[in-house]
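Peer 1: This is the structure I want to talk about, given as structure tokens.
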Amino acid sequence: MPTLNWIGKDKIITHHNDVPFKLLEKKYTYGAEKSENMIIHGDNLYALKSLLPRFEGNIDVIYIDPPYNTGEEKWIYNDSVNDPRILKWLGDVVGKEGEDLSRHDKWLCMMYPRLKIMQKLLKDSGRIFISIDENELYSLKLICDEIFGNNNFAGQWMWYKSATPPNLSHKIKRNLEYILCYEKEKNSVKFSGIKKHSPSDDPFTKPQNSFKKLTFKAGTIHFKGNDGVYTAGTYGTAKFPNKLLNDLIIKNGVNENDVTFENRFIWIQDTLDKNIQNNIRINLSKNLVLSYKRDEYDAEVPPNLIDDSVGVDTTEEAGKRLKEMFGTNPFDYPKDCTLIKYLINFVPKKDAIILDCFAGSGTTGQAVLELNNEDGGSRRFIEVEMMDYAETITAERIRKITKGFDGYNPINGDFTFYELGESVFLEDGNLNPDVSEIEIKKFIYYTETHKELEETSNNAYLGTSNSTAYFIFYEKDKPTSLDWNTVEFINVKADSYVIYADSCNLSAEFMGKHNMVFKKIPRDVQKI
């Protein structure tokens with residue numbers, strides 16, 4: 001598999017591991033007493049890391065619309081690898097072309113660690129969609145192959161973004177953007193596009209098929225001719241003959257008796273019977289040619305072109321809706337809700353969790369709420385936006401659609417708004433004393449099990465995972481010890497135990513006999 005190398009890659013390939021865990025500080029909840037929909041204001045690298053203890057392996061769908069790196073945007077991310085010292089180093093290494101190269105290197109340095117954490121957040125059955133244009137399409141494909149695995153590449157779609165693209169290039173007017181899709185683990189699940197609506201009947205036969213006999217029970221055939229008795233014989237046309245094996249009695253437009261035909265049918269008897277049970281309509285022409293029509297067809301696999309033929313609008317339409325909502329269009333090329341809804345429903349799941357960590361105007365949040373209102377679903381969204389308009393646009397958009405405005409009826413919806421808070425660890429590697437006890441417990445349990453901490457009645461007991469019980473004896477203002485006084489609180493039956501405290505006074509023999517492992521709480525006890 002080909003890999004992509006760029007200036008700075010060696011510094012960011014494991015950068016996601018070094019990103020500090022920051023807490024999420026709840027600011028308010030809108031529209032409900034409690035809401036599991038989340039809007040997070042802050043750098044998405046830190047926000048993604050903060051989501052891991054609760055959501056690692058739990059996200060169904062990720063959709064992101066990152067900066068396209070056209071050279072015209074003004075975007076700033078504050079990762080250490082993108083600070084001025086690194087950029088100067090990039091320029092020094094590549095010489096006079098450094099300014100041009102560092103733009104692409106910087107973009108890759110920004111995207112790589114974020115994608116690494118997103119991969120961790122996805123369920124095994126989850127999938128990620130990434131909007132992009134040709135500026136970074138091929139670089140993005142290579143780093144996604146590296147992070148998600150080239151075997152997990154699900155496909156590439158083209159979105160017809162604009163019927164009137166700006167005439168900015170001397171070479172090409174860009175009507176299309178691209179959407180890459182990767183699955184966490186490759187599977188055989190069929191993506192669903194739109195359902196087929198056929199104005200005409202489908203044929204019962206194929207010329208290459210072998211002859212079969214099919215019996216149609218009384219009342220299952222709808223005849224387009226006159227009532228009466230049609231004697232056994234060959235009907236149809238010279239090109240499409242249809243052999244009737246017994247007399248057919250038609251009354252009130254349907255067959256009154258069981259009747260058998262012989263032809264090059266597409267189905268065997270069992271398939272016919274099952275389709276009849278599923279309310280397929282069987283029609284018979286005046287010439288006694290059989291055909292059928294379904295009330296509802298299965299959704300077709302989505303074509304690689306996404307446009308109005310599959311119910312998806314352009315960026316111009318999205319801009320009109322934002323203008324109706326805000327009185328002005330705050331974004332140059334917004335995505336339309338119809339695009340996000342279409343992608344989310346490639347695998348219809350009414351309780352899916354959908355993440356968008358480049359939230360912008362909040363299109364994904366609106367798309368999720370609209371889908372829930374359309375089909376009664378309980379999907380949840382998580383949106384992350386680093387700019388200050390996370391409150392004035394991203395969150396305000398959700399408020400507006402739940403209240404309604406001119407030309408738009410209100411829909412049900414709510415969210416909780418968060419800011420990035422304290423880091424769990426200080427720069428010296430010790431626990432931050434300003435972090436609450438419950439947050440420390442959540443963090444310890446996550447690092448041990450990669451699972452979310454559940455409520456427990458025992459203050460020291462965190463939980464059991466894979467037959468190992470986890471305990472932490474922690475007091476904010478004084479050191480703790482694993483000794484005979486604390487052992488009595490270890491009253492959960494398990495095959496082994498991992499116990500955190502500031503010190504351990506039990507013998508190695510006792511610990512080994514009871515399959516206990518002591519781990520020191522990472523803090524400077526001399527400062528307590």
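The values are calculated or read from the model by the stated rules, or taken from the named source; none is laboratory data. These figures come from a predicted structure and were not determined experimentally. Here the Cβ is made from the backbone with ideal geometry for all residues, glycine too, and neighbour counts use every protein chain on show. Accessible surface is based on the protein model in full, side chains and every heavy atom, while ligands, DNA and RNA are left aside. Shrake-Rupley method; radii C 1.70, N 1.55, O 1.52, S 1.80 Å.
Peer 1: Highest mean first, how do 274-281, 49-56, 220-227, 464-471 rank when packing is the count of other Cβ atoms within 10 Å averaged over residues?
Peer 2: 49-56, 464-471, 220-227, 274-281
Peer 1: A follow-up question, please. If the viscosity is 1.306 mPa s and the temperature 10 °C, what translational diffusion coefficient in µm²/s does Stokes-Einstein give for the chain when Rh comes from Kirkwood over Cα pairs? Working shown, then result.
Peer 2: Details: Rh = 27.9 Å.
In µm²/s, the coefficient is 57.
Peer 1: For region 98-172, state the average projected area of the convex hull of the C-alpha atoms over all orientations, rounded to one decimal in nm².
Peer 2: Details: hull surface 27.1 nm².
Its Cα hull, projected and averaged over all orientations, spans 6.8 nm².
Peer 1: Among 257, 128, 2, whose Cα lies farthest out toward the positive end of the dipole of the chain, if unit charges sit on the beta carbon of Lys, Arg (+1) and Asp, Glu (-1)?
Peer 2: Final value for the positive-end residue is 257.
Peer 1: Quantify, in whole percent, the carbon and sulfur part of the accessible surface of region 411-450 (1.4 Å probe; protein heavy atoms only). Intermediate results must be reported in sequence, preceding the final value.
Peer 2: Values: 790 of 1800 Å².
That fraction is 44 percent.
Peer 1: Sticking with this one: Hey, can you grab everything whose amide H is under 5 Å from the amide H of residue 154? Only 5+ residues off in sequence or another chain; H modelled, so Pro and N-termini drop out.
Peer 2: Here the answer is 181, 182, 183, since their amide H atoms fall under 5 Å of that of residue 154.
Peer 1: Evaluate E = 1/(1 + (r/R0)^6) for residue 517 and residue 11, where r is the Cβ-Cβ distance and R0 equals 35 Å; express this FRET efficiency to the nearest 0.05. Walk me through the intermediate numbers first.
Peer 2: Details: r = 34 Å, r/R0 = 0.97.
It comes to 0.55.
Peer 1: Under a 1.4 Å probe, what is the accessible area of the chain per residue, stated in Å²? Walk me through the intermediate numbers first.
Peer 2: On the way: 26720 Å² over 528 residues.
Computed with neighbouring chains in place, this is 51 Å² per residue.
Peer 1: Hey, another quick one. Using unit Cβ charges (K, R positive; D, E negative) and no other charged atoms, how large, in debye to the nearest 20, is the dipole of region 109-187 about its Cα centre? Numbers along the way, then the final one.
Peer 2: On the way: 12 positive and 9 negative charges, 32 e Å.
That gives a dipole near 160 debye.
Peer 1: Moving on. What FRET efficiency do you get for residue 185 and residue 226 if R0 is 51 Å and r is their Cβ-Cβ distance, rounded to the nearest 0.05? Numbers along the way, then the final one.
Peer 2: Values: r = 59 Å, r/R0 = 1.16.
E between residue 185 and residue 226, to the nearest 0.05, is 0.30.
Peer 1: To the nearest 20 Debye, how big is the dipole of region 417-486 about its Cα centre, given +1 on the beta carbon of each Lys and Arg and -1 on that of each Asp and Glu? Kindly include the intermediate steps, with their values, before the conclusion.
Peer 2: On the way: 5 positive and 14 negative charges, 60 e Å.
Magnitude of the dipole: close to 300 debye.
Peer 1: On a 1.4 Å probe surface of the protein chains, which of 116, 478 comes out largest in accessible area, and what is the full order?
Peer 2: Values: 116 55, 478 105 Å².
In descending accessible area the options line up as 478, 116.
Peer 1: Among the trypsin sites (Lys or Arg not before Pro) in region 128-181, which ones are in a DSSP loop with at most 15 other Cβ atoms within 10 Å of the Cβ? Mind listing them?
Peer 2: Hits after loop and neighbour filter: 171, 173, 174.
Peer 1: Projected onto the charge dipole of region 302-352 (+1 at Lys/Arg Cβ, -1 at Asp/Glu Cβ, origin at the Cα centre), which of 302, 312, 347 gives the Cα projection farthest towards the positive end?
Peer 2: 347
Peer 1: Considering only Cα-Cα distances, which of the following residue pairs are longer than 20 Å: 9/106; 34/341; 212/274?
Peer 2: Values: 9/106 10 Å; 34/341 25 Å; 212/274 17 Å.
In this structure, 34/341 exceed 20 Å between Cα atoms.
Peer 1: Report the label-to-label distance for residue 125 and residue 507 in nanometres (one decimal), using points 7 Å from each Cα along the Cα→Cβ vector.
Peer 2: In this crude label model, residue 125 to residue 507 measures out at 5.2 nm.
Peer 1: ³J(HN,Hα) across region 61-66 via Karplus (A = 6.51, B = -1.76, C = 1.60, θ = phi - 60°), whole Hz, x for Gly/Pro?
Peer 2: 9, 10, 10, 9, 10, x
Peer 1: Using only DSSP helix segments of four residues or longer, with each worth -39500 (n - 2.57), what per-residue ellipticity at 222 nm results for the chain after dividing by its residue count and rounding to 500? Walk me through the numbers before you get to the answer.
Peer 2: Numbers: 14 runs with 136 residues, N = 528.
My calculation for the chain gives -7500 deg cm²/dmol from helical runs alone.
Peer 1: Residue farthest toward the positive end of the dipole of the chain, with Cβ of Lys/Arg at +1 and Asp/Glu at -1: which of 425, 473, 386?
Peer 2: Farthest towards the positive end: 386.
Peer 1: Only four residue types carry charge here, +1 at the Cβ of Lys and Arg and -1 at the Cβ of Asp and Glu. Report the dipole size of the chain about the Cα centre in Debye, rounded to the nearest 20.
Peer 2: Numbers: 67 positive and 79 negative charges, 391 e Å.
About 1880 debye.
Peer 1: Here is a follow-up. State whether region 257-393 is rounded, prolate or oblate according to the following rule on the C-alpha gyration tensor (a ≥ b ≥ c being the square roots of its eigenvalues): a/c under 1.5 gives rounded; otherwise a/b larger than b/c gives prolate, and the remaining case gives oblate. If you can, show how the numbers build up before the last one.
Peer 2: Details: a/c = 3.98, a/b = 2.79, b/c = 1.43.
Here region 257-393 falls in the prolate category.
Peer 1: Pop a pseudo-label 7 angstrom from the Cα along the beta-carbon direction at both residue 36 and residue 271 and give the gap in nm to one decimal.
Peer 2: 4.1 nm
Peer 1: What's the carbon and sulfur percent of region 188-252's accessible surface, probe 1.4 angstrom, rounded to a whole number? Intermediate values should be presented prior to the final figure.
Peer 2: Details: 2350 of 4260 Å².
The value for region 188-252 is 55 percent carbon and sulfur by accessible area.
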